[in-house]
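All remarks here apply to the structure that follows.
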Amino acid sequence: MMRLLTLVLAFALAFSLTGCGDEKTTQKVKKVTPKIAAKKNKAKDEKKPQEKKNVKIYKYNAKGRRDPFASLLKIREPLNDDAEPETPLQRFGLKELQLIAIVLGRNEPRAMVVAPDKKAYTLVAGVKVGRNRGHVVEITENEVVVEERYRDFSGTLRTELKEITLPQREGE
């Protein structure tokens, strides 16, 4: 069995080395163009200067249009009210706030969130929250609904409802 394997490998090695040689087999290829093709090329060259006279020049007028290279996902301008001072909760994004408790009772519902600065804040309906100047619309038993208003890439006023939910407890 070993002899057969050795014989096959020796044959394969000998066969693969037969293609190796020092002779140069490159040949120069001479490009021949027929006379008819040469006449057509000359005719095309003569027509080119005439075609350049009829070329229309287009210009892009950017006045009143948005930048076509700006990302549509990143363009969000919050509605700024310079008259109102910024609350501590408006320094953080909604995803940075962690909802830890909701209290529903006889009075209006309240929620407690922990901000990244490790301070706890109480939320009631109407409190300004988030970087986009959102405000709390509703507090349910599992989440706090915040309404954010902003201008999108086209300048249209958009309203978006976002939720801050209670984390699921273990075993649920």
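The values are calculated or read from the model by the stated rules, or taken from the named source; none is laboratory data. From a predicted model like this one, the values you see are computed outputs, not experimental measurements. Here Cβ is always computed from backbone atoms with ideal geometry, including for glycine, and neighbour counts include all displayed protein chains.
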Considering every residue within region 71-85, establish whether at least one is modelled with pLDDT of 75 or more and of a type outside the set (Lys, Arg).
no
Looking only at region 153-167, filter to residues that are among the aliphatic types (A, V, I, L, M) and assigned to a strand (DSSP E or B); which one of those is nearest to Val103 (Cα to Cα)?
Ile164
Out of the residues in region 143-172 that are modelled with pLDDT of 80 or more and of a type in the set (Asp, Glu), which is farthest from the chain's Cα centre (by Cα)?
Glu143
Quick one: in region 118-139, which of the residues that are over 22 Å from the mean Cα position of the chain (by Cα), surrounded by 14 or more Cβ atoms within 10 Å (Cβ to Cβ) and not aliphatic (A, V, I, L, M) is modelled with the lowest pLDDT?
Arg133
Exactly one of these conditions fails for Arg110: (1) among the basic types (Lys, Arg); (2) at pLDDT 85 or above; (3) under 27 Å from the mean Cα position of the chain (by Cα). Give me its number.
(3)
Listed residues Leu9, Leu97; which is at pLDDT 80 or above, under 41 Å from the mean Cα position of the chain (by Cα), surrounded by 10 or more Cβ atoms within 10 Å (Cβ to Cβ) and not polar (S, T, N, Q)?
Leu97
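Before we move on, is Lys118 assigned to a loop (DSSP other than H, G, I, E, B), charged (D, E, K, R), closer than 18 Å to Gln90 by Cα and out of contact with any Phe, Trp or Tyr (no Cβ under 9 Å at 6 or more places or on another chain)?
So Lys118 passes the test.
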